[in-house]
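The next block holds one structure in the form of structure tokens; read it before the comments.
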Amino acid sequence: MLAAAFSDFMQQVVSGLASGGIYALLALALVIIHRSTGVINFAQGEMALLSTYIAWTLTFNHGWSYWPAFVATLAISFAGGIGIHRVVIRPVERGSLLRIVIVTIGLLVAINGFVVWQWSGEPQQLQSPFGTETYDIGGVVVSAHDIGTIAVAVGIVLLLWGLFQFTKVGLALRATAVNPEEARLVGVRVTWMLALGWGLAALLGAVAGMLTAPTVGLDPNMMAAVLIYAFAAAVLGGVDSPIGAVVGGLLIGVLLNLLSYLSQYGAFDWFTEELRLPMALLVILGVLLVRPQGIFGRPAVKRV
Amino acid sequence: MSPRVQRIIGFVAFAGFVAFVAVLPSFVSDFKAREYSYVAIYLIALLGLNILTGYTGQISLGHGAFMAIGGYTTAILMAGNEQFGGPISGGMKDLWTLPIAGLVAGLAGLAFGFPALRLSGLYLALATFAIAVAMPSTVKRFEEFTGGGTGIQLFGSPELTGTISNVDILGRSLTPNDWMYYLAWSIAIVAFAVAWLILRGRTGRAFRAVRDSETAAVSSGVSLARYKTLAFGVSAAYAGVAGGLFAIASAFVNPDTFPIALSIFLLVGIVVGGLGGLSGLVFGAIFVYFLPLWAQGADLGSLLPDRIIEETQKPGGPAIVYGIVLILLMFVLPNGVGGLFRRIGQLITSRRYSRSK
């Protein structure tokens with residue numbers, strides 16, 4: 001009994017880490033944009049949705065095999081992110097907060113509309129590249145898709161870290177985030193760096209979307225909840241901290257799964273699946289109240 | 001123009017508007033009257049949101065959730081005992097549920113306004129957005145009160161409402177649609193007057209001070225905690241009344257009655273109406289109600305080629321148009337339609353001023 005409960009527990013942790021990895025990727029996208037542009041992109045989830053539909057149509061309607069479609073989708077998303085920044089975001093970047101928020105909301109509405117218009121609201125299936133097998137590791141049953149998701153998430157995070165830490169572009173990106181004016185003075189092309197940030201964010205979103213679709217099914221509302229979990233992850237880790245986004249994402253994923261697990265065994269029996277989203281909201285509110293800068297963030301100091 | 005002349009013009013315009021609203025149903029079809037009652041409902045919600053966002057500078061992306069609280073309060077009170085074994089037997093008449101809907105939503109607003117004190121700008125937008133997204137699933141969780149995904153039908157007892165049979169009032173018999181129209185617009189006009197009274201005096205000045213600079217407001221003795229929470233409460237109470245009316249007008253509530261899109265519409269409405277002004281909100285309400293219909297190409301007729309009209313009528317098409325219009329609006333009219341009118345007004349008056357000099 002206890003052994004069964006334990007392996008059940010470990011299963012929940014592993015699948016929590018897998019969904020947490022997805023939240024981490026999307027949270028990372030939010031953090032990259034927030035660090036460089038000071039904007040929270042409410043359209044981040046829908047951008048990811050659009051990318052996922054592109055991957056789906058490439059494999060389903062055009063007969064591509066998975067990995068070429070994956071790479072092509074990443075390229076298209078990257079270009080799309082840059083395009084969105086140049087066309088839609090730049091004109092309002094220096095405007096009031098409300099204007100920027102509304103523009104990203106406009107994007108959210110328009111992209112979601114486009115997806116419904118182009119591919120209808122019917123749920124679709126996007127296959128998992130890792131197959132549907134499950135493995136038994138010491139009594140803990142884990143699915144190949146979960147392991148693959150964790151691997152891809154870790155891989156992407158490492159790649160991104162390498163890009164920011166060890167390349168010239170990464171240095172320019174960090175300089176832009178820290179101080180755009182001074183970065184411009186030393187010859188960084190700040191506008192392009194901001195656009196690049198949007199491109200990277202779109203790319204991360206695309207990965208998150210493509211990893212989400214096989215388990216929950218592809219439909220136009222797929223990313224709405226994931227976006228809220230990613231918000232919670234970003235806030236928990238600190239909206240300016242990339243490491244925070246990753247840790248926050250994993251924590252949220254595991255936390256939600258553990259709550260469902262515990263509610264099966266009598267503890268927290270008020271918790272039902274419907275309460276996953278409200279829980280994320282509670283995390284957001286709780287963190288903002290207790291430690292607004294998040295786990296890894298630095299408190300914002302305002303000069304008056 | 002002296003402030004006094006401006007005030008007189010304002011009163012005349014307001015009286016003219018009230019008269020216009022009063023006679024409008026005689027000139028339009030019964031069905032149109034019902035459509036216009038939704039404009040009034042949006043106007044009430046926009047007045048509330050504008051107190052919070054336009055005057056006090058606190059962004060809320062979740063006002064649909066406060067409307068939902070009001071809507072569900074009305075629905076639960078009207079449905080009464082039979083459905084839920086609740087404390088109110090036999091249900092309540094629709095009209096009397098509205099003050100309670102406002103009160104409950106207002107208390108919820110105060111409760112949320114308290115933690116919201118520590119959030120500013122983007123974080124507040126984010127937290128309120130999360131509220132709006134989390135609302136439907138919370139409603140589904142507490143099925144025993146809210147009817148879960150099926151929701152609540154309001155017309156279990158027809159005598160409780162004026163929205164399915166003719167209503168005799170002041171010696172006139174009103175059709176259900178006209179009744180809804182007058183009910184919504186009477187409340188909207190009172191709400192407008194109340195908002196004006198709140199905002200013109202000391203409280204309104206404190207709100208604006210908080211919006212323009214929190215630091216300056218504090219150093220002039222304005223209590224941030226008090227006025228921000230107050231703004232949240234008042235604003236949510238407005239949303240609650242609007243939500244109650246919305247429930248009555250649609251005759252049922254379920255989790256999809258108050259989707260996240262509603263919260264977005266409201267924010268769009270105050271931006272179009274021009275933040276920090278009251279009269280522009282009428283345009284905001286008209287815009288919010290009619291743009292989705294207009295985006296379906298229904299009224300465009302021969303303006304656009306048939307092919308485009310056909311495309312925009314496919315599912316999803318209206319949303320595309322809506323989103324794009326929203327973005328373009330932010331490019332072209334950062335201060336909304338109300339801001340545009342204010343600007344034109346300023347141009348005219350300033351020219352006249354300089355000429356008379």
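Details
- Test: A:Gly131 is part of a loop (DSSP other than H, G, I, E, B), free of Cβ contacts under 8 Å to residues at least 24 places away in the same chain, more than 11 Å from chain B (Cβ to nearest Cβ) and of a type outside the set (Phe, Trp, Tyr): yes
- Single residue of region B:95-119 satisfying the filter (within 14 Å of chain A (Cβ to nearest Cβ) and surrounded by fewer than 19 Cβ atoms within 10 Å (Cβ to Cβ)) that is nearest to B:Met180 (Cα to Cα): B:Ala111
- One residue from B:Ala237, B:Ala251 being small (Gly, Ala, Ser), over 24 Å from B:Phe114 (Cα atoms) and either surrounded by fewer than 16 Cβ atoms within 10 Å (Cβ to Cβ) or in contact with a Leu (Cβ under 9 Å, 6 or more places away or on another chain) (or both): B:Ala251
- Unique residue being part of a helix (DSSP H, G or I), more than 14 Å from chain A (Cβ to nearest Cβ) and within 15 Å of the chain's Cα centre (by Cα) when the list is B:Val210, B:Val271, B:Val282: B:Val282
- Within region A:216-232, the set of residues being within 12 Å of chain B (Cβ to nearest Cβ) and either closer than 12 Å to A:Leu25 by Cβ or not small (Gly, Ala, Ser) (or both) comprises A:Pro220, A:Asn221, A:Met223, A:Val226, A:Leu227, A:Ile228, A:Tyr229, A:Ala230, A:Phe231.
- The residues on offer are A:Val283, A:Val254, A:Val247, A:Val290, and the sole one that is more than 13 Å from chain B (Cβ to nearest Cβ) and out of contact with any Phe, Trp or Tyr (no Cβ under 8 Å at 6 or more places or on another chain) is A:Val254.
- Yes/no for B:Phe287 being out of contact with any Asp or Glu (no Cβ under 9 Å at 6 or more places or on another chain), facing another protein chain (nearest Cβ under 9 Å) and either modelled with pLDDT of 85 or more or assigned to a helix (DSSP H, G or I) (or both): no
- Condition check for A:Pro299 on (1) closer than 23 Å to B:Ala127 by Cβ; (2) away from every other protein chain (no Cβ under 14 Å); (3) in a loop (DSSP other than H, G, I, E, B): one failure, at (2).
Residue-wise test of (1) in a helix (DSSP H, G or I); (2) of a type in the set (Ser, Thr, Tyr); (3) modelled with pLDDT of 85 or more; (4) touching a helix residue (DSSP H, G or I) at 6+ places or on another chain (Cβ under 8 Å).
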| site | (1), (2), (3), (4) |
| --- | --- |
| B:Ile51 | yes, no, yes, yes |
| B:Gly86 | no, no, no, yes |
| B:Ser89 | no, yes, no, yes |
| B:Val104 | yes, no, yes, yes |
| B:Thr128 | yes, yes, yes, yes |
| B:Ile131 | yes, no, yes, yes |
| B:Pro136 | yes, no, no, yes |
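- Within region A:92-110, tally of residues that are closer than 19 Å to A:Met47 by Cβ and more than 7 Å from every other protein chain (Cβ to nearest Cβ): 4
- Where a residue in region B:104-130 is closer than 17 Å to B:Thr53 by Cβ and its partner, wherever it lies, is of a type in the set (Lys, Arg) and part of a helix (DSSP H, G or I), with Cβ under 6 Å and at least six apart: B:Leu117/B:Lys228
- Whenever a residue of region B:197-218 is touching a residue at least 40 places away in the same chain (Cβ under 8 Å), its partners that are among the polar types (S, T, N, Q), lying with C-beta atoms within less than 7 angstrom and at least six residues away or across chains, give the pairs B:Phe207/B:Thr56; B:Val210/B:Thr56; B:Arg211/B:Thr56.
- Identity of the residue in region A:28-70, among the β-branched types (Val, Ile, Thr) and within 12 Å of chain B (Cβ to nearest Cβ), that ends up farthest from A:Phe231 (Cα to Cα): A:Thr37
- Counting only residues that are modelled with pLDDT under 80 and farther than 19 Å from A:Asn112 by Cα, region B:311-335 holds 3 of them.
- Only one of B:Gly204, B:Gly240 that is under 14 Å from the mean Cα position of the chain (by Cα) and away from every other protein chain (no Cβ under 14 Å): B:Gly240
- Scanning region B:258-268 for residues that are within 13 Å of another protein chain (Cβ to nearest Cβ) and outside any helix (DSSP H, G or I) yields a single hit, B:Pro259.
- Condition broken by A:Ala225, with the remaining ones in (1) part of a helix (DSSP H, G or I); (2) over 30 Å from A:Leu163 (Cα atoms) satisfied: (2)
Quick grid of which residues meet (1) surrounded by 15 or more Cβ atoms within 10 Å (Cβ to Cβ); (2) within 14 Å of chain B (Cβ to nearest Cβ); (3) within 23 Å of A:Ala48 (Cβ to Cβ):
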site: A:Glu122; (1), (2), (3): no, yes, yes
site: A:Asp136; (1), (2), (3): no, no, no
site: A:Val154; (1), (2), (3): no, no, yes
site: A:Ala177; (1), (2), (3): yes, no, yes
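The values are calculated or read from the model by the stated rules, or taken from the named source; none is laboratory data. What you see is a predicted model; the values in this text were computed from it and never measured. As a convention, Cβ positions derive from the backbone with ideal geometry for all residues, glycine included, and neighbour counts pool all protein chains shown.
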